[in-house]
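Take a look at the structure set out below.
The values are calculated or read from the model by the stated rules, or taken from the named source; none is laboratory data. Since we're looking at a predicted model, the values are computed, not measured. In this analysis, Cβ positions are derived from the backbone assuming ideal geometry, glycine residues included, and neighbour counts consider all displayed protein chains.
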Amino acid sequence: MLTAGCSTATSTARPASQTLPSPRMSPPTAYWATGNRLLCKDRAQVNAVIVERIDVSDRYRFAFPAQVIITGHDGVSSLIDAMCQLPKSTTLSGQADHGVYYMLTFGPAILTIPQVLVQATGDGVVVGMGSPVRWVGQKFWHALGKAMDIAPGDTTRAVRMLQGSLPTLAAG
């Protein structure tokens, strides 16, 4: 696990009001359908984001851990700003994507902000920011890459790193 945006080491013990929710605690489908109004409304109270990568096919390779905790104020607020400005999507290809997703969990847990699922491959949509789903744009990838300290000044490189790379087959 990697902590991004934090200049000093932090203790794993936290007061109850600052406890981070578990990233595996999936919200009911109704949360995703109705949207995440709390995230945009209470953005100033969010002090951490757990970013958990889900590689459905387990064939992609990454240069960073599968779970990163973002605690720096600038990174957290820039990421939430980018998420709250995502454009709505009315059409999807409808094809199954067995690629890479990111589950974003917001803290402290006392806020009970629903998780957001971001598709890094395929249609590139965000589920959990209201209906219809949202498109993932360059501003979002830039903010996520910078907050996670992955290619902070290079959006194109951040997108490639977040999508992962397939191992090359040996010529033979």
So T168, is it under 25 Å from R59 (Cβ atoms), modelled with pLDDT of 85 or more and loosely packed, with under 13 Cβ neighbours inside 10 Å: no
Would you be able to tell me the number of residues in region 126-149 that are assigned to a loop (DSSP other than H, G, I, E, B) and over 18 Å from S77 (Cβ atoms)? 6
Consider T155 against the criteria (1) at pLDDT below 80; (2) touching a His at 6+ places or on another chain (Cβ under 8 Å): it satisfies all of them except one. Which criterion is unmet? (1)
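In this structure, is Q138 under 10 Å from the mean Cα position of the chain (by Cα) and at pLDDT below 90?
In short, no.
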What pairs can you find where one residue is in region 135-153 and free of Cβ contacts under 8 Å to residues at least 60 places away in the same chain and surrounded by fewer than 19 Cβ atoms within 10 Å (Cβ to Cβ), the other is of a type in the set (S, T, N, Q) and part of a loop (DSSP other than H, G, I, E, B), and their Cβ atoms are less than 8 Å apart, with a gap of 6+ or different chains? W135/S89; K139/Q85
